[in-house]
Amino acid sequence: MVRLTDDPLDPAAVEARVRAADRGAVLTFVGLVRDHTGPHRVERLEYEAYRPMAVKVFEGIRGEVDARWPGTRIAIHHRLGRLVVGEVAVVIAVSAPHRAETFDACRYAIERMKADVPIFKKEIRGDGSVWVGLGS
Amino acid sequence: MVRLTDDPLDPAAVEARVRAADRGAVLTFVGLVRDHTGPHRVERLEYEAYRPMAVKVFEGIRGEVDARWPGTRIAIHHRLGRLVVGEVAVVIAVSAPHRAETFDACRYAIERMKADVPIFKKEIRGDGSVWVGLGS
Amino acid sequence: MQIEVLYFAAARERAGTGAEAVTLPEGATLADLIDALTAKHAPLEPLWPHVRLAVDEAFVSDHAAPLKDGATVALIPPVSGG
Amino acid sequence: MQIEVLYFAAARERAGTGAEAVTLPEGATLADLIDALTAKHAPLEPLWPHVRLAVDEAFVSDHAAPLKDGATVALIPPVSGG
């Protein structure tokens, strides 16, 4: 249910992985390449990852979600490589019998990803390029 | 961006309605027909609505979301009629430049819908049928 | 005056109809309408505590509000969208 | 002992390589490795405050921790998945 890929992501396919007859709610977060960051125009992004560790940390997040919200199911697919504006960078889908857990678990997974999954993003801007989080 | 329909819903199509180049986040909630409610096995659901008022209340919710979370865009599609287990009853998609607003706005829209949109659900169970919220 | 009454879900089943016209004296209120409908459809009686009323597609909680000729009043049982 | 060092993102660009083997004396710590890498790749120096270290795919924050022969140490600049 965790996947890193250089190919385009399909949110519907990720969502389908967590659907089941005993689940009444699916929440799907899609992170897209935005055309700007603050005042800077963004032309494209380049993602790289420490792949085996990224998968390991994502799997750890899945385990944490399972433990904190029993009955949820979560799938996380992250794109790597070169992405242009409008393309999908990440899809996180969470299902549960009821909606409350899907919100809490999905939000938790995103915040954990942003903190600890070794994926790196370079913004190629009209006026140069920067590693996000570093500013240079 | 508000739609009531007797036809099957496609979450991807609803999500597509709120995507745009200046948005980095799309959150899509999908409500599905579950195979049980508490101890009761559910065979199917029958949704009916006070259609013009339901659309009006949904549009009011959209206006509230616009006012509270400027920069968000929201689409709400709700299915009516007879649905079997696993079918999609509602899709609520919210986009925004950043993720926090998508979670807050989507959650808000769902809670408002559950409180005030005149849509009614009859559960056809193995052991009889009930109007949800009324228990008879 | 004439009021158009709409019934949904359990209210529709208990009234045995989805819509009907009801004639009330001038100055009648929502409370008067409730009395008239209960007299006409006894099975509605136990449902009233669970029903909200909408006048011309907006919820109205003040049952002392006078009705206007030609208004549409909907009986809204517990909603459960989603 | 020999340590495999992996560089990502800004660290990779500043080191001029994505991976290299580094030989350290027995008992060397992460702090010793940082000194050795800085001596080898001066451009890494300003990056250290922003870099976390992972040993065999797990973050290690204690730089006094002794390294084991054959360990893989990765320099992890600020992450930004999503």
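Exactly one residue out of C:Ala64, C:Ala74, C:Ala58 is aliphatic (A, V, I, L, M), within 14 Å of chain B (Cβ to nearest Cβ) and touching a strand residue (DSSP E or B) at 6+ places or on another chain (Cβ under 6 Å): that is C:Ala74.
Being of a type in the set (Ser, Thr, Tyr), at the interface with another protein chain (Cβ under 10 Å from one of its Cβ atoms) and touching a strand residue (DSSP E or B) at 6+ places or on another chain (Cβ under 8 Å) is a property that holds for A:Thr37.
Apart from one condition, B:Arg125 fits all of (1) in contact with a His (Cβ under 6 Å, 6 or more places away or on another chain); (2) surrounded by 20 or more Cβ atoms within 10 Å (Cβ to Cβ); the exception is (2).
If you go through region A:96-111 one residue at a time, do you hit one that is facing chain D (nearest Cβ under 10 Å), over 30 Å from B:His36 (Cα atoms) and surrounded by 17 or more Cβ atoms within 10 Å (Cβ to Cβ)? No, the conditions are met nowhere in region A:96-111.
Kindly provide the set of residues from region B:112-128 that are more than 9 Å from every other protein chain (Cβ to nearest Cβ) and at pLDDT 95 or above, ordered by number. Within region B:112-128, B:Arg112, B:Glu123, B:Ile124 meet the criteria.
Only residues that are surrounded by fewer than 22 Cβ atoms within 10 Å (Cβ to Cβ) and either among the charged types (D, E, K, R) or touching a Phe, Trp or Tyr at 6+ places or on another chain (Cβ under 8 Å) (or both) were counted in region B:26-42, giving 3.
In the list C:Glu26, C:Glu45, which residue meets the criterion of being exposed (fewer than 15 other Cβ atoms within 10 Å of the Cβ), more than 30 Å from B:Val90 (Cβ to Cβ) and either within 14 Å of chain B (Cβ to nearest Cβ) or within 9 Å of the chain's Cα centre (by Cα) (or both)?
Values: C:Glu26 fails: either within 14 Å of chain B (Cβ to nearest Cβ) or within 9 Å of the chain's Cα centre (by Cα) (or both).
Unique residue meeting the criteria: C:Glu45.
Looking only at region B:10-34, residues that are at the interface with chain A (Cβ under 7 Å from one of its Cβ atoms), of a type in the set (A, V, I, L, M) and in contact (Cβ under 8 Å) with a residue 24 or more places away in the chain come to 5 in all. Restricting attention to region A:43-66, which residues are of a type outside the set (Ser, Thr, Tyr), within 14 Å of chain D (Cβ to nearest Cβ) and crowded, with 20+ Cβ neighbours inside 10 Å? Passing the criteria: A:Leu45, A:Ala49, A:Met53, A:Ala54, A:Val57, A:Phe58, A:Ile61.
For the subset of region A:1-25 comprising residues that are touching a His at 6+ places or on another chain (Cβ under 7 Å) and surrounded by fewer than 18 Cβ atoms within 10 Å (Cβ to Cβ), which member is nearest to B:His36 (Cα to Cα)?
Initially, region A:1-25 is screened for residues touching a His at 6+ places or on another chain (Cβ under 7 Å), giving A:3-5, A:9, A:14, A:22, A:24-25.
From what's left, surrounded by fewer than 18 Cβ atoms within 10 Å (Cβ to Cβ): A:3, A:5, A:22.
On the way: A:Arg3: 31, A:Thr5: 36, A:Asp22: 7 Å.
Filtering region A:1-25 for residues that are touching a His at 6+ places or on another chain (Cβ under 7 Å) and surrounded by fewer than 18 Cβ atoms within 10 Å (Cβ to Cβ), the one nearest to B:His36 (Cα to Cα) comes out as A:Asp22.
Does at least one position in region B:112-121 carry a residue that is under 15 Å from B:Met1 (Cβ atoms), buried (at least 22 other Cβ atoms within 10 Å of the Cβ) and in contact (Cβ under 8 Å) with a residue 24 or more places away in the chain? Scanning region B:112-121, I find at least one residue that is under 15 Å from B:Met1 (Cβ atoms), buried (at least 22 other Cβ atoms within 10 Å of the Cβ) and in contact (Cβ under 8 Å) with a residue 24 or more places away in the chain, so the answer is yes. Every condition in (1) more than 12 Å from the chain's Cα centre (by Cα); (2) within 10 Å of another protein chain (Cβ to nearest Cβ); (3) farther than 22 Å from C:Phe59 by Cα; (4) among the hydrophobic types (A, V, I, L, M, F, W, C) is met by B:Trp69 except one, and the failing one is (2).
The values are calculated or read from the model by the stated rules, or taken from the named source; none is laboratory data. Model, not experiment: these values are computed from the prediction. No Cβ is skipped: glycine too gets one built from the backbone with ideal geometry, and neighbour counts run over all protein chains shown.
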